[in-house]
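> Have a look at the structure that comes next, please.
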Amino acid sequence: MVLSVFKSGDALFDQGVDLIKRKEFAKARSNFEKTIEKGGREAELAGIYIDLIDACLDNNNSARYAKLAATLERKTDSFEFGLTEINPVRVALECRLLAERMDVGRIQGNTSDILEAKGNKFLDVARKYQSQIGNDMIVISDIVGIQANTGIKEALYIQAWGYESLAAGAVLSDPKRAAELLQNAYTCRKQLGEDGQKDMNLMKAYSKSVKCWICGRPSTGEGVHFLAMSSEITPFMRNSDDDILKSAPSDYNSVYVCRPCYTSISRRSDEISRQYYDKAMQEMRAMEARLQAQISSVSAMTVMRR
Ligand SMILES: [Zn+2]
């Protein structure tokens, strides 16, 4: 009796291994659960397979990789998953790094402090990929179906995100430094074979300097510290040779205005609009009340006439 129970657990395990090869993960998982319940010979491996399958079925969840890493760290011998040979020590390390990278990516918030901390953490993870994985392919990515890179290539992606986050954190206080950080991100993107245009555009914007048309102060960092505001620069004005004019957009349909001037104008105009809006609403309500009163008196008269 005992023998047949064990046999059944082992048979389910073997069937589960075949199901993995066919990528029928959910079915395979239930086989491995039964293997463990029935105490099959390969119960330990069945447990590892379950964690691997959970990572495959939920490959965007860092907790899956942390759990898988902990399971793999208890094993020393290599084994197969589908057609892939798994070195548990190595794949455990990959899972730890992947979980760390995902957790950093999920850090929310756009204050300078958060963005800077996030950027530095990305650079930290990138260094680990470089030194601990290097030119080897990352096995776990292939298994769970996310883009598989070498450690070096993965590090470049993460470095790019790191510098982009650092730049976003720096731009409010130091746009020149933000532009330098974006230069680093751009270099990473180019090495990855991307065009890096987004970084290049931001870099150009952040390093651009103009003078404010309203207060005349110099400002650096288009879109952040100064903005183009709709206007009309007449041909006569275009001929003047002061340096404020040199910092007009080339179509002469707007002027550059520093952020303090820009926000004071827009806030004041919002206040004025608000006042007009409130006044108009007040008058509309009064008119509505008058009309309502007239309608009531007309209907009262109609009833009386009947
Ligand atoms: Zn100004």
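> Would you be able to say whether some residue in segment 238-261 is of a type in the set (A, V, I, L, M, F, W, C), open to solvent by 80 Å² or more (accessible area, probe 1.4 Å) and more than 29 Å from the chain's Cα centre (by Cα)? Show your work before the answer.
Going through segment 238-261, the residues of a type in the set (A, V, I, L, M, F, W, C) turn out to be 244-245, 248, 255, 257-258, 261.
Checking the rest, the ones that are also open to solvent by 80 Å² or more (accessible area, probe 1.4 Å) come to none.
There is no residue in segment 238-261 that is of a type in the set (A, V, I, L, M, F, W, C), open to solvent by 80 Å² or more (accessible area, probe 1.4 Å) and more than 29 Å from the chain's Cα centre (by Cα).
> Also: Which condition from (1) over 37 Å from the mean Cα position of the chain (by Cα); (2) outside any helix (DSSP H, G or I); (3) of a type in the set (D, E) is the one that D278 breaks?
(2)
> Can you tell me which of (1) of a type in the set (V, I, T); (2) free of Cβ contacts under 8 Å to residues at least 40 places away in the same chain; (3) not in a loop (DSSP other than H, G, I, E, B) is the one V91 doesn't meet?
Here V91 clears every test but (2).
> Just checking, does segment 247-265 include any residue being within 16 Å of the ligand (Cβ to nearest atom), in a helix (DSSP H, G or I), under 19 Å from I214 (Cα atoms) and touching a helix residue (DSSP H, G or I) at 6+ places or on another chain (Cβ under 8 Å)?
No, because not a single residue in segment 247-265 is within 16 Å of the ligand (Cβ to nearest atom), in a helix (DSSP H, G or I), under 19 Å from I214 (Cα atoms) and touching a helix residue (DSSP H, G or I) at 6+ places or on another chain (Cβ under 8 Å).
> Here is a follow-up. Which one of these does V139 not meet: (1) open to solvent by 30 Å² or more (accessible area, probe 1.4 Å); (2) of a type in the set (A, V, I, L, M, F, W, C); (3) more than 30 Å from L19 (Cβ to Cβ)?
The number of the failed condition is (3).
> State yes or no: is N110 open to solvent by 80 Å² or more (accessible area, probe 1.4 Å) and either modelled with pLDDT under 95 or closer than 17 Å to A92 by Cα (or both)? Quick ask: steps written out before the conclusion?
Numbers: open to solvent by 80 Å² or more (accessible area, probe 1.4 Å): yes; either modelled with pLDDT under 95 or closer than 17 Å to A92 by Cα (or both): yes.
Spelling it out, N110 is indeed open to solvent by 80 Å² or more (accessible area, probe 1.4 Å) and either modelled with pLDDT under 95 or closer than 17 Å to A92 by Cα (or both).
> If I go through segment 30-72 residue by residue, how many of them are basic (K, R) and within 27 Å of G105 (Cβ to Cβ)? Walk me through how you get there before you give the answer.
Filtering segment 30-72 for residues basic (K, R) gives 34, 38, 41, 64, 67.
Then drop every residue that is not within 27 Å of G105 (Cβ to Cβ), which leaves 64, 67.
Matching residues across segment 30-72 total 2.
> Scanning for something under 25 Å from S266 (Cα atoms), in contact with a Gly (Cβ under 9 Å, 6 or more places away or on another chain) and aliphatic (A, V, I, L, M), does segment 226-242 turn up at least one residue? Walk me through how you get there before you give the answer.
Step one: of segment 226-242, the residues under 25 Å from S266 (Cα atoms) are 226-234, 237.
Now restrict to residues that are in contact with a Gly (Cβ under 9 Å, 6 or more places away or on another chain): none.
Checking segment 226-242: not a single residue is under 25 Å from S266 (Cα atoms), in contact with a Gly (Cβ under 9 Å, 6 or more places away or on another chain) and aliphatic (A, V, I, L, M).
Conditions (1) buried (at least 20 other Cβ atoms within 10 Å of the Cβ); (2) of a type in the set (K, R); (3) touching a Ser or Thr at 6+ places or on another chain (Cβ under 7 Å), marked per residue:
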residue	(1), (2), (3)
P175	yes, no, yes
D195	no, no, no
K198	no, yes, no
M203	yes, no, no
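> From the list I48, I86, I36, which residue is open to solvent by 30 Å² or more (accessible area, probe 1.4 Å) and either over 28 Å from N135 (Cβ atoms) or of a type outside the set (S, T, Y) (or both)? Write out each step before concluding.
Values: I48 fails: open to solvent by 30 Å² or more (accessible area, probe 1.4 Å); I86 fails: open to solvent by 30 Å² or more (accessible area, probe 1.4 Å).
Residue meeting the stated conditions: I36.
> Could you say whether any residue in segment 71-83 is surrounded by 15 or more Cβ atoms within 10 Å (Cβ to Cβ), in contact with a Leu (Cβ under 8 Å, 6 or more places away or on another chain) and not in a loop (DSSP other than H, G, I, E, B)?
Yes: one or more hits.
> Can you confirm whether A92 is farther than 25 Å from T150 by Cβ and either open to solvent by 40 Å² or more (accessible area, probe 1.4 Å) or more than 16 Å from the chain's Cα centre (by Cα) (or both)? Don't jump to the end; show me each part of the working.
Details: farther than 25 Å from T150 by Cβ: no; either open to solvent by 40 Å² or more (accessible area, probe 1.4 Å) or more than 16 Å from the chain's Cα centre (by Cα) (or both): yes.
It is false that A92 is farther than 25 Å from T150 by Cβ and either open to solvent by 40 Å² or more (accessible area, probe 1.4 Å) or more than 16 Å from the chain's Cα centre (by Cα) (or both).
The values are calculated or read from the model by the stated rules, or taken from the named source; none is laboratory data. Keep in mind the model is a prediction, meaning the values are calculated, not measured. Neighbour counts are summed over all protein chains in view; Cβ atoms, including those assigned to glycine, are modelled from backbone coordinates with ideal geometry. What goes into the accessible areas is simple: the full protein's heavy atoms, side chains included, and nothing from ligands, DNA or RNA. Shrake-Rupley method; radii C 1.70, N 1.55, O 1.52, S 1.80 Å.
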